[in-house]
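Input: a single structure, listed below in structure tokens.
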Amino acid sequence: MTQTGQAPIFALATGAGRAAIAVLRLSGTGTGPILRALCGTLPEPRQASLRGLWRRAAGAEPVLLDRALVLWFPAPRSYTGEDSAELHLHAGPAVIAGVADALVALGARPAEPGEFTRRAFTNGRLDLIEAEGIADLIDAETEAQRRQALGQADGTLSRLYEGWADRLRTALAHQEALIDFPDEDLPPEVESALLAELAALRDAMRAHLDDAGRGEKLRRGLVFTIVGPPNVGKSSLLNALAERDAAIVSSIAGTTRDAIEIRVVLGDVPVTLIDTAGLRETEDEIEAEGVRRALFHVKQADCVIAVTDGTAPPSDLPPGALLVRNKIDLAEHARHQSPEGALAVSVRQGTGMDALRAALADRARALTASRAGPPLTRARHRAAIEESAGHLAHALDMDWPEMRGEELRLAMRALGRLTGRVDVEDLLDTVFGQFCIGK
């Protein structure tokens, strides 16, 4: 696919803040002349070249802006598929501002969020799923997130969905043959093979959907909520897992009134730990609101950490809650019978904390571990595949060939929205708006 002839844009591809180097990207029709105006001559394609960058104005002496490494990427062999360039500048604010002003004077404009990647999509350099993978790769906090995002950016998920689309396209062609040639002596096994293939495709999609949201959970991170009666050490546990004083700790029951959230990494998975108000009946209006919020966070949690001091554990725990018995170092609590399956710890002394951290890491890995094949990573993907599988199920129930063919076309359209082959204009702003300016 050839470049679309769009005006040149530019943006920093490196983050803000004090640094030695700032990379400024430039892309679009006219990039070559702009680069030639700055450098005097174009560098060799895809070879770094040290050049002086000059601002040249009519009737004035040229002004040296910086000495920078310059890379020139003629279309279509660039990230966007357009003529593109990179300027590796010294990262001083005055240098960056001076070069930006020179680019504007030469006809370029600052890029909008995600505009480089949107142009790459428009020029056929990547599809929507690969673009989303790049966004996830930029945001990846852990090794597990990096691996998942890199696989998506490299096209593993796209290849799975394109394979389904190819199979569905073939099935639709066979269905059209049955519609167009009803009086011909088509072998009876044509329709039986078609129905078998539709059933196999539907089952493959349903199996892909039946993953407990593992890929989506890894992408966004998990939520672990700490609950229990007042004064059992919930806030102390939060601080110990965070390795900092994130929550106020006091011997006064009911100190925590609102939910406190901190971000940690457990089992190579980002986890938001939420400390909540102690669960008890109370006449205090503010504390009662804290209890209500605690119960809300229990319902939203991927894992509930129920803390007790050896007395009866919280009632109505959700399935899979992790029970932690704290204060085993204190004689009055050590005498209490340990609840079945509880991890015994002393947050104050650190006893049992390594085992607890290991158990939490195992739980995080289990909730996000992918099975065979690339995982679903977004609700948008899930909705499109559910829609496509639903149309296939309807097609299998149809006796009329024309109605079955229409269901197959709808299934194709739903799959096409995944990679951006059809019906994508309403998706583009949402997909690309999440990018930083220089990507």
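With a requirement of 2 or more residues that are over 17 Å from the mean Cα position of the chain (by Cα) and either at pLDDT 95 or above or farther than 18 Å from Pro374 by Cα (or both), the helices (runs of 4 or more DSSP H) lying completely within the range 116-225 that satisfy it span 156-180, 189-209. Residue check: Leu65 meets all listed conditions (1) loosely packed, with under 11 Cβ neighbours inside 10 Å; (2) modelled with pLDDT of 95 or more but one, namely (1).
Taken together, Asp210, Asp166, Asp180 contain a single residue that is open to solvent by 60 Å² or more (accessible area, probe 1.4 Å), under 30 Å from Ala294 (Cα atoms) and of a type outside the set (A, V, I, L, M), which is Asp210.
Of note, Arg51 does not satisfy the criterion of being within 28 Å of the chain's Cα centre (by Cα) and either modelled with pLDDT of 95 or more or among the basic types (Lys, Arg) (or both). Scanning the range 3-24 turns up no residue that is open to solvent by 10 Å² or more (accessible area, probe 1.4 Å) and over 27 Å from Ala135 (Cβ atoms).
Just checking, which of Arg159, Arg119, Arg147 is charged (D, E, K, R) and in contact (Cβ under 8 Å) with a residue 24 or more places away in the chain?
On the way: Arg159 fails: in contact (Cβ under 8 Å) with a residue 24 or more places away in the chain; Arg147 fails: in contact (Cβ under 8 Å) with a residue 24 or more places away in the chain.
Residue meeting the stated conditions: Arg119.
For the range 403-414, the condition of being part of a loop (DSSP other than H, G, I, E, B) and modelled with pLDDT of 85 or more holds for none of the residues.
When the range 120-130 is filtered for residues that are open to solvent by 10 Å² or more (accessible area, probe 1.4 Å) and not β-branched (Val, Ile, Thr), the ones remaining, listed by number, are Phe121, Gly124, Arg125, Leu126, Asp127, Glu130.
Can you name every residue in the range 43-60 that is hydrophobic (A, V, I, L, M, F, W, C) and either under 26 Å from Thr122 (Cα atoms) or open to solvent by less than 40 Å² (accessible area, probe 1.4 Å) (or both)?
As a first pass, look at the range 43-60 and keep what is hydrophobic (A, V, I, L, M, F, W, C): 48, 50, 53-54, 57-58, 60.
Leu53, the sole residue that qualifies.
The values are calculated or read from the model by the stated rules, or taken from the named source; none is laboratory data. What you see is a predicted model, and the numbers here were worked out from it, not measured in a lab. Positions of Cβ are generated from backbone atoms using ideal geometry, with glycine treated the same way; all protein chains shown enter the neighbour counts. For the accessible areas, the whole protein counts, side chains as well, though only heavy atoms, and no ligand, DNA or RNA atoms are used. Shrake-Rupley method; radii C 1.70, N 1.55, O 1.52, S 1.80 Å.
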